[in-house]
Amino acid sequence: MKIKVLFMTLALILAVLISGCKKNDYQATVGVCPIVVSTIPVNGAVGVPLNQVVSATFNEKMSAATITSTTFTVIDATKSPAVVITGTILFSGMTAFLTPASPLLPNTTYTGRVTTSAKDLMGNALQKDYVWTFTTDILPLVSSDPANNATGVLLNKVIVATFSVPMDSLTLKSPATNFTIKQGSTTVPGKFSYTSNTASFTPTSNLAPFTVYTGTISAGVKNTLGTPMAADYVWSFTTIPQLTLSSNPLLGGITTGAGVFAQGSNVTAVATANTGFNFINWTDGAIVVSTAASYQFAMAGNKTLVANFIPKYLVTTVSNPLLGGTTSGGGTFNSGLSVTVTAVPNTGFTFTNWTEGTTVASTSANYLFTIAGNRTLTANFTAVGFTLNVTAINGSVVKNPNLTTYASGATVQLTATPNSGYTFTSWSVDATGSTNPLTVTMNANKNITANFTAGIIPPSGPLAIDLGCAAPFAILAGSTITSTGPSIVTGDVGLSPGSALIGFPPGIINGAKEITTPVAAAAKLCLTSAYIDGQSRSLNAISLPGQLGGLTLAPGLYSNSSTSGISGTGANGILTLDAQGNANAVWIFQIGSTLTTDPATSIVLAGGAQANNIFWIVGTSATLGTTSVFYGNILSDQAITLNTGAVLNGRALTRIAAVTLDASTVTKP
């Protein structure tokens with residue numbers, strides 16, 4: 001019996017050795033070919049976690065002794081030479097497990113292999129090596145907004161980190177140090193929010209201007225497969241710079257232009273002084289950066305500028321008496337400046353002293369002082385007496401008042417009376433014209449002769465209008481005097497209360513300039529008196545037509561309640577004024593509204609007529625046309641305009657408005 005069993009066993013072994021295992025015909029008592037039926041990761045898998053335990057499952061139980069580090073391997077074939085993954089091998093049931101000693105490398109393709117040396121319990125071996133591949137997960141990458149080294153970042157910026165793969169938000173939240181924004185070593189407080197691929201940080205309050213901040217996302221942050229970043233992601237950015245402005249002293253003025261601006265942008269800081277102050281400069285710390293009230297610069301970081309102001313004070317100078325002299329040097333000055341005021345006596349006066357209130361401030365005509373407040377200084381002048389000598393042949397002259405000497409600025413009325421058979425004709429030497437009685441202003445020693453002529457002279461028209469202290473002026477205006485081009489003025493120019501003398505040069509003034517001076521103010525008063533006198537004349541008035549061209553007019557008083565002027569061409573554009581041989585003949589034209597002459601029109605003087613004895617009393621404004629020629633004294637309530645190339649042989653005197661010239665000529669007779 002024992003021989004029979006032994007024989008059967010040997011037969012069975014021989015049959016197996018001859019035929020081998022039966023593939024895919026597994027029976028518990030019959031040897032079959034072992035095969036790998038599944039793996040983890042599966043063949044071709046991607047995104048495999050780095051801590052993956054690699055396993056191979058067979059179709060039957062295997063001999064654990066044949067599952068070793070030589071029969072079950074995982075290698076990194078991308079390296080040369082290939083790197084074998086070490087670790088712990090465990091066989092359980094029908095599955096072999098390889099637990100790597102260290103995490104797999106990211107984004108790496110590995111090759112798993114079970115060799116033919118792996119056998120089942122019957123000693124059957126794999127018919128061929130089983131080989132498969134898989135690729136590990138990639139490392140998370142980060143991009144930030146703001147980007148690393150960004151500048152000009154807004155102060156309310158929401159900071160965003162964007163990941164290349166979906167992330168495990170729990171690793172972003174905990175610990176708190178995994179995602180931080182710091183300024184230096186100080187953590188910026190704020191609120192975090194997350195999506196699958198982003199982490200956002202909103203600061204609790206605005207970031208500080210022009211400050212460097214550092215963001216950190218630590219390597220402890222992992223994606224949803226548990227793959228961490230390769231290293232901490234650290235980046236820095238700089239916020240937008242801020243301009244801060246202030247005034248010194250606070251009430252000295254106001255500043256505009258503060259705010260936050262892009263790095264390198266052009267910025268303008270503007271300082272505006274309050275009443276009673278002047279702007280001095282801008283300072284940045286202790287450094288003066290500009291003396292311009294409007295300071296422009298490029299932003300290169302936070303900037304704190306101080307607009308410095310200094311008190312300014314008004315120095316007012318006046319003359320006592322008004323006609324005693326002139327003063328200069330007054331105006332507005334910064335506190336602490338040295339100021340010199342000067343007094344110049346007019347003819348017939350001497351300087352006495354400067355007084356401030358009842359206190360004598362200086363006895364020097366050139367008074368130097370340091371400004372420390374508003375000051376009103378009076379230059380006092382003392383009158384010097386003048387003599388008036390009057391000569392009359394074939395007649396007599398009465399002086400009223402009749403004094404030996406006269407104070408400077410005093411007026412004397414001279415009345416000439418001819419002897420029988422004579423007629424008073426004119427004044428000469430230190431007086432001109434035929435006005436009788438004559439008012440003389442004493443501003444120097446004077447010699448005046450009354451001239452009488454035998455017989456009867458032609459009619460002379462009305463008495464001339466006495467211009468008084470306005471007589472020296474070729475132009476006298478109330479607001480402005482303006483010249484366009486090379487105008488020429490012969491005679492004094494006066495302006496009061498306005499102060500704008502414009503266009504000189506290129507315009508030329510052959511005479512004194514009295515701009516907002518006591519002399520100009522006095523002349524305006526004389527002009528007003530003369531204007532009122534001219535308006536009030538009514539004796540023997542003759543109706544004046546609106547169109548004067550083509551007419552010849554004898555001396556007399558002419559009146560028109562609306563407008564008048566010269567228009568037309570040729571002979572119809574010429575007005576002739578005939579004195580009929582009387583050099584003292586007078587014309588007074590009363591015009592209720594405007595006086596206008598057309599271009600190229602003219603006035604012609606005949607029979608000894610004199611421009612000085614012609615008076616145009618204009619209710620509103622006068623306009624002389626281009627290249628026109630005009631004679632006489634224009635006394636206008638409002639503006640006087642001489643268009644291009646117009647010529648005025650006379651005076652342009654306006655009470656309240658402007659005189660405007662355009663390459664024009666004005667010659668005082």
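The values are calculated or read from the model by the stated rules, or taken from the named source; none is laboratory data. Owing to the predicted nature of the structure, the values given are computational and were not obtained by experimental measurement. Cβ atoms come from the backbone with ideal geometry, glycine included; neighbour counts cover every protein chain shown.
Out of all the residues in the stretch 491-505, is one or more of a type in the set (Val, Ile, Thr), in a strand (DSSP E or B) and within 21 Å of residue 633 (Cβ to Cβ)? Taking every residue of the stretch 491-505 in turn, at least one turns out to be of a type in the set (Val, Ile, Thr), in a strand (DSSP E or B) and within 21 Å of residue 633 (Cβ to Cβ). Only strands (runs of 3 or more DSSP E) whose full extent lies in the stretch 383-440 are considered here, and the ones with at least 1 residues that are surrounded by fewer than 19 Cβ atoms within 10 Å (Cβ to Cβ) and under 60 Å from the mean Cα position of the chain (by Cα) are 411-418.
For residue 563, the requirement of being of a type in the set (Ser, Thr, Tyr) and more than 23 Å from residue 539 (Cα to Cα) is not met. For the stretch 178-209, a residue qualifies if it is over 25 Å from residue 243 (Cβ atoms), within 44 Å of the chain's Cα centre (by Cα) and not in a strand (DSSP E or B), and the qualifying residues are 185, 189.
If we scan the stretch 509-521, do we find a residue that is touching a Gly at 6+ places or on another chain (Cβ under 8 Å), closer than 24 Å to residue 473 by Cβ and of a type in the set (Gly, Ala, Ser)? Within the stretch 509-521, one or more residues are touching a Gly at 6+ places or on another chain (Cβ under 8 Å), closer than 24 Å to residue 473 by Cβ and of a type in the set (Gly, Ala, Ser). From the list 250, 305, the one residue that fits, being without any contact (Cβ under 8 Å) to a residue 12 or more places away in the chain and either surrounded by fewer than 16 Cβ atoms within 10 Å (Cβ to Cβ) or over 30 Å from residue 376 (Cα atoms) (or both), is 250.
Rundown of residues vs (1) modelled with pLDDT of 95 or more; (2) within 30 Å of residue 600 (Cβ to Cβ); (3) among the acidic types (Asp, Glu), yes/no style:
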site	(1), (2), (3)
444	no, no, no
469	yes, no, no
475	yes, yes, no
490	yes, yes, no
528	yes, no, no
550	no, yes, no
559	yes, yes, no
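Under the condition of being surrounded by 11 or more Cβ atoms within 10 Å (Cβ to Cβ) and outside any helix (DSSP H, G or I), which residue from the stretch 532-541 is nearest to the chain's Cα centre (by Cα)? Ranking the qualifying residues of the stretch 532-541, first place goes to 537. Residues that are of a type in the set (Phe, Trp, Tyr), within 54 Å of the chain's Cα centre (by Cα), within 22 Å of residue 460 (Cβ to Cβ) and not in a helix (DSSP H, G or I) do occur in the stretch 577-591.
Each row is one residue, and each column tells you yes or no for (1) surrounded by 20 or more Cβ atoms within 10 Å (Cβ to Cβ); (2) among the basic types (Lys, Arg).
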{"position": "191", "(1), (2)": "no, yes"}
{"position": "194", "(1), (2)": "no, no"}
{"position": "219", "(1), (2)": "no, no"}
{"position": "239", "(1), (2)": "yes, no"}
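Residues checked against (1) farther than 30 Å from residue 322 by Cα; (2) touching a Lys or Arg at 6+ places or on another chain (Cβ under 6 Å); (3) modelled with pLDDT of 95 or more; (4) of a type in the set (A, V, I, L, M):
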{"residue": "454", "(1), (2), (3), (4)": "yes, no, no, yes"}
{"residue": "458", "(1), (2), (3), (4)": "yes, no, no, no"}
{"residue": "501", "(1), (2), (3), (4)": "no, no, yes, yes"}
{"residue": "523", "(1), (2), (3), (4)": "no, no, yes, yes"}
{"residue": "536", "(1), (2), (3), (4)": "no, no, yes, no"}
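Are any of the residues in the stretch 484-500 in contact (Cβ under 8 Å) with a residue 60 or more places away in the chain, within 16 Å of residue 656 (Cα to Cα) and surrounded by 21 or more Cβ atoms within 10 Å (Cβ to Cβ)? No, every residue in the stretch 484-500 fails to be in contact (Cβ under 8 Å) with a residue 60 or more places away in the chain, within 16 Å of residue 656 (Cα to Cα) and surrounded by 21 or more Cβ atoms within 10 Å (Cβ to Cβ). Can you find a residue that is modelled with pLDDT of 95 or more, under 17 Å from residue 550 (Cβ atoms) and touching a Ser or Thr at 6+ places or on another chain (Cβ under 9 Å) anywhere in the stretch 606-624? Checked against the condition, which is being modelled with pLDDT of 95 or more, under 17 Å from residue 550 (Cβ atoms) and touching a Ser or Thr at 6+ places or on another chain (Cβ under 9 Å), the stretch 606-624 yields no hits at all. Would a scan of the stretch 76-92 turn up a residue that is part of a loop (DSSP other than H, G, I, E, B), at pLDDT 95 or above, more than 30 Å from residue 236 (Cα to Cα) and of a type in the set (S, T, N, Q)? For the stretch 76-92, residues part of a loop (DSSP other than H, G, I, E, B), at pLDDT 95 or above, more than 30 Å from residue 236 (Cα to Cα) and of a type in the set (S, T, N, Q): present.
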